[in-house]
Amino acid sequence: MRPRREVPDVEQRNTVSVAKSAQYRLLGPVRVHHKGRELDPGPPQQTAVLALLLLAQGRLVTLEQLVWSIWGEVAPPAAETTVRTYLSRLRHLLPGGGRSSVIQTVRGGYLLAIEPGSLDLSVFTEQVRLGREARASGDEGQAAAHLNAALTLWQGTPLTGARGDYVTGERDRLERLRLTATEERIALDIELGRHAEVLPELTSMAAAHPLEERLRELQMLALYRCARQADALQVYLDVRALLSRELGIEPAAELRALHGRILRAAPDLDRPPVSPAVVAKTEPPATAPVALPAAQNSTASQRPLLASRLQAARGRGFVGRDAERAMFASALTAIEPTFAAMFLHGPSGVGKSTLLRRLADDARTAGRTVVPVCGRVVEDSIAAFEHAAGPALNNPEAVLMIDSFERCAKLEGWLHEQFLPRLPDDTVVVLAGRRPPRPAWREDPSWAGALLVHALGELSLPEADALLDSRGVSANVRDSVLACVGGHPLALALAAEVARRGESTVHSWQPGQDMIQTLLTELIGTSPSAAHQTAVQVCAHASATSEQLLRTVMPDADTAGLFAWLRAQPFVKSGPAGLYPHDIVRDAVDADLRWRDPAAYEDIHRKIRHHVLNELVPRTAGQPGAHATVQAVRHLLRRGGVAADYLTAHGESDAVADQYRPQDKPDLLRMSAATEGDESSRIVSFWLDRQPSAFTIYRRRSTDRALAFSSWLCLDEVGPDILGADPVVAAAWTHSQTHANHRPNLRIAITRHLIDPTSYMRPSAVTDLCYLHTLRSQLDGPRSIHWEYKVFTNPNLWGPWMSYLNFTQLPVTPRIGRRNFALFSHNWQVEPIKEWQDRNITRELWGSDVPPNLLPDSPDAAPTALRAHRLGAYQGPGVLNLVR
């Protein structure tokens with residue numbers, strides 16, 4: 001019978017002596033403190049045993065329950081022995097040790113007696129109970145004090161460091177207790193007149209728990225009491241739409257009733273003034289990670305300003321950036337802040353200015369004075385900057401915010417060496433610019449630990465979806481917008497403006513050239529010269545740009561200078577294979593050139609193609625950097641609609657191509673027998689003896705062990721011994737002879753084997769390397785090869801790729817053992833390598849929706865509508881993915 005998962009409620013507290021000095025923590029990481037030092041509870045499962053004993057709070061826990069709580073139905077055979085080992089270790093770890101250990105065995109079970117006040121969970125429970133009793137008796141100030149004391153015990157996610165199914169369930173239960181206590185404390189704060197103080201915390205919590213209707217009630221009430229009736233009503237509309245969309249239900253009766261009372265401006269919603277003596281009983285309310293405590297809003301009853309409406313609109317339309325707001329909040333509220341200045345950097349359009357405005361609102365809500373300085377407005381001089389930032393010099397409550405810091409680059413040294421050190425110690429500084437700070441900040445020991453540098457990235461897809469929702473973009477086009485622009489804030493804002501027009505009749509969305517031009521202007525600006533503009537276009541079109549690639553495409557330019565300039569641009573990143581732009585920049589530049597100048601676009605594509613196929617492929621095939629070349633090839637073919645399914649290009653793997661060694665033979669025979677059978681293993685042995693140089697071995701780089709292998713056989717004479725030994729080669733030879741037209745000295749090549757036991761005949765890192773190897777052979781060999789054949793056991797999977805490469809399936813399917821083998825052929829005399837390379841150039845340039853006979857330089861080469869590829873259609877750079 002399966003044991004019960006819950007810990008039994010059997011009172012055993014008086015059976016053992018209690019620990020006198022140990023302190024236990026469950027409301028965060030599981031911790032034990034004894035005599036001023038922290039004890040290590042051990043690995044996750046041992047920590048789980050300790051947590052389970054503590055959760056029982058002095059009651060009996062059986063061995064069976066401990067096993068079930070950790071492993072559930074998948075407990076290993078030695079589970080009970082393992083748990084006993086954990087208990088033995090904990091006995092020696094915890095205060096007492098040996099016979100006097102606090103972990104006692106009682107009637108077949110175990111219990112850990114806990115001294116009152118030594119377990120944070122017990123203290124939390126007691127404080128919550130006292131708070132509820134105080135509220136029931138009408139003492140709201142004392143009730144809030146007890147709940148504040150309870151919530152200050154939390155140090156993060158409960159039971160961190162412990163692992164097990166039961167632990168997961170208990171973690172969720174404790175989080176629910178925390179949420180309930182927080183809701184009760186916030187309700188008390190609102191009743192005590194702290195509605196303005198708790199509003200930022202409520203907003204953050206409501207965003208984290210969007211379906212928690214009680215939080216929405218409190219948020220609406222706090223907004224109403226802050227004279228923001230319209231915002232309170234908007235909260236109701238938002239949660240009603242969310243509940244309908246997610247669950248298909250209406251808000252609960254309590255929320256609907258509050259909505260009606262706010263509409264009527266019911267007098268009972270206005271709380272009478274609270275006695276200062278009552279408020280003084282309580283501690284300041286605890287805050288959520290991104291919430292900031294606020295001073296009492298003394299202007300709530302005054303006539304609202306336009307700034308208040310704008311701030312409310314910013315609050316409703318702002319999404320994401322929880323981590324950045326939490327870091328900022330810690331600098332404002334912590335007793336010992338971890339930093340004095342936060343430096344946010346990222347490319348144009350990523351949302352730096354929007355975040356700064358939101359942080360400024362947070363700071364004002366916290367009662368701080370915001371001193372804004374914008375590099376776009378302030379003159380680039382010490383006098384002008386000091387005049388703009390001067391109000392922060394004598395105000396310890398100031399928050400100095402410097403936007404567009406790249407415009408103040410000449411002042412950077414003076415700023416961090418002279419101006420900022422003159423600020424009061426409590427001042428918080430936030431700087432935002434396109435580029436990270438100069439190394440001088442890090443080299444200066446006085447700034448060590450005082451400067452927090454943070455790169456601002458794009459929004460996650462859920463955050464981007466929420467942003468579009470807040471901008472009024474309906475759900476029927478939201479997926480199309482996200483597929484095109486991803487999480488780039490500027491692109492999302494522009495797309496939202498476009499998508500709202502006439503969207504009621506469409507279910508897809510395509511960005512126009514006006515939007516693309518706006519993106520280019522904002523993200524890149526004006527290039528110093530035509531050569532710099534071309535360098536950006538090359539960087540956008542190639543998978544990764546090296547200085548050598550620039551020399552190939554722009555042989556007459558100063559490629560060293562252009563590469564250095566590209567490398568310094570804020571919208572360009574560096575990787576192992578070279579430079580590549582941010583996704584939104586890549587797609588906007590590429591789409592603009594394809595629309596504006598198709599001939600120039602084709603010229604760049606062909607030159608990059610030549611570099612990849614004729615320089616990268618021969619140089620890197622069989623080398624450790626081969627996977628980057630596969631990525632470059634895949635990137636060239638990305639618009640053909642086929643390559644993404646067959647070239648995985650997932651980055652460097654542990655596999656590397658190598659030559660065959662005689663000692664590899666047993667491993668190769670074992671692999672072929674395991675995947676294709678003993679008869680195929682015999683054929684592999686036959687060809688290893690005949691053409692060992694035809695075999696390529698894919699080894700694990702770390703161990704040099706063979707992982708997989710392929711073979712590329714070249715034959716100009718096939719005798720009866722070969723025809724009898726290998727039916728697949730016999731079928732290929734017979735086909736070539738039938739179509740030879742009496743051609744003498746006929747030579748064929750055949751990719752005979754592709755054996756990867758972990759991913760047999762399916763796209764993988766090994767098939768990537770095999771494709772690169774055969775591509776190099778094709779580029780070198782077709783001048784002397786008449787027919788080439790490729791062999792697969794699953795032609796339905798590989799057929800589209802073979803068709804794209806202009807390989808035709810033969811009508812014969814030789815059978816070896818229990819497998820049928822399909823052959824695909826290409827005649828290199830009919831379609832030589834140059835024509836073969838150019839065969840799909842139109843498809844590469846314009847996408848699979850263009851007819852094959854449409855030449856790029858024809859009048860109809862550029863269709864009038866942009867088509868957006870689905871997000872994730874290929875792994876690698878590219879978000880906007882605009883296709884002409």
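The values are calculated or read from the model by the stated rules, or taken from the named source; none is laboratory data. Here the structure is a predicted model, which means the values were calculated and not measured. Heads up, the Cβs are rebuilt from the backbone with ideal geometry, glycines too, and the neighbour counts pull from every protein chain shown. Accessible surface areas use protein heavy atoms only, side chains included; no ligands, DNA or RNA. Shrake-Rupley method; radii C 1.70, N 1.55, O 1.52, S 1.80 Å.
Things to note:
- When Trp595, Trp801, Trp414 are compared by accessible surface with a 1.4 Å probe, the order from highest to lowest is Trp595, Trp414, Trp801.
- Here the Karplus curve 6.51 cos²θ - 1.76 cosθ + 1.60, taken at θ = phi - 60°, turns the phi angles of the range 137-144 into couplings of 8, x, 8, 5, x, 5, 4, 5 Hz, with x standing for Gly and Pro.
- When all protein chains stay in place and ligands, DNA and RNA are ignored, the 1.4 Å accessible-area order of Asp40, Asp603, largest first, is Asp40, Asp603.
- When the inverse distances between all different Cα atoms of the range 182-272 are averaged and flipped, the Kirkwood radius reads 13.1 angstrom.
- Full-extension gain in nm, Ser693 to Thr813, via 0.36 nm per residue minus C-alpha separation: 40.5 nm
- Two-site label geometry, Ser527 and Glu679: point separation in nm, points 7 Å out along Cα→Cβ: 6.0
- Virtual spin-label span in nm between His209 and Glu73, 7 Å along Cα→Cβ: 3.2
- Dipole of the range 410-449, positive end: most advanced residue of Ser446, His416, Leu431 [Cβ charges, Cα centre]: Leu431
- R0 of 22 Å, Cβ-Cβ distance Leu237-Ala265: FRET efficiency to nearest 0.05: 0.80
- Efficiency of FRET between His33 and Asn394 - r from beta-carbon atoms, R0 41 angstrom, step 0.05: 0.40
- Peptides 535-541, 366-372, 571-577 ordered by packing proxy, namely the average of other Cβ atoms within 10 Å per residue, highest first: 535-541, 366-372, 571-577.
- Amide H within-cut-off set for Thr160, under 5 Å, with H built and near neighbours excluded: Gly28, Val30
- Spin-label model, Asp704/Asn794: points 7 Å from Cα along the beta carbon direction are separated by 3.4 nm.
- Once the Cα-Cα distance is subtracted from the 0.36 nm per residue extended length, the Ser546 to Thr338 segment shows a gain of 70.9 nm.
- With DNA, RNA and ligands ignored, accessible area of Cys226 (1.4 Å probe; Å², nearest 10): 20
- Given a 1.4 Å probe and the protein chains as shown, Trp68 ends up with an accessible area of around 20 Å².
- Cα centroids of the range 97-141 and the range 400-471: 46 Å apart.
- The heavy atoms of Lys834 offer some 120 square angstrom of accessible surface to a 1.4 angstrom probe.
- Set of the range 657-685 residues, backbone N closer than 14 Å to the point 7 Å along the Cα-Cβ line of Ala725: 680-685
- What the range 678-783 shows is 42 Å² of accessible area per residue, with the surface traced by a 1.4 Å probe over protein heavy atoms.
- Taking all protein chains into account, the per residue accessible area for the range 22-159 stands at 43 Å² (1.4 Å probe).
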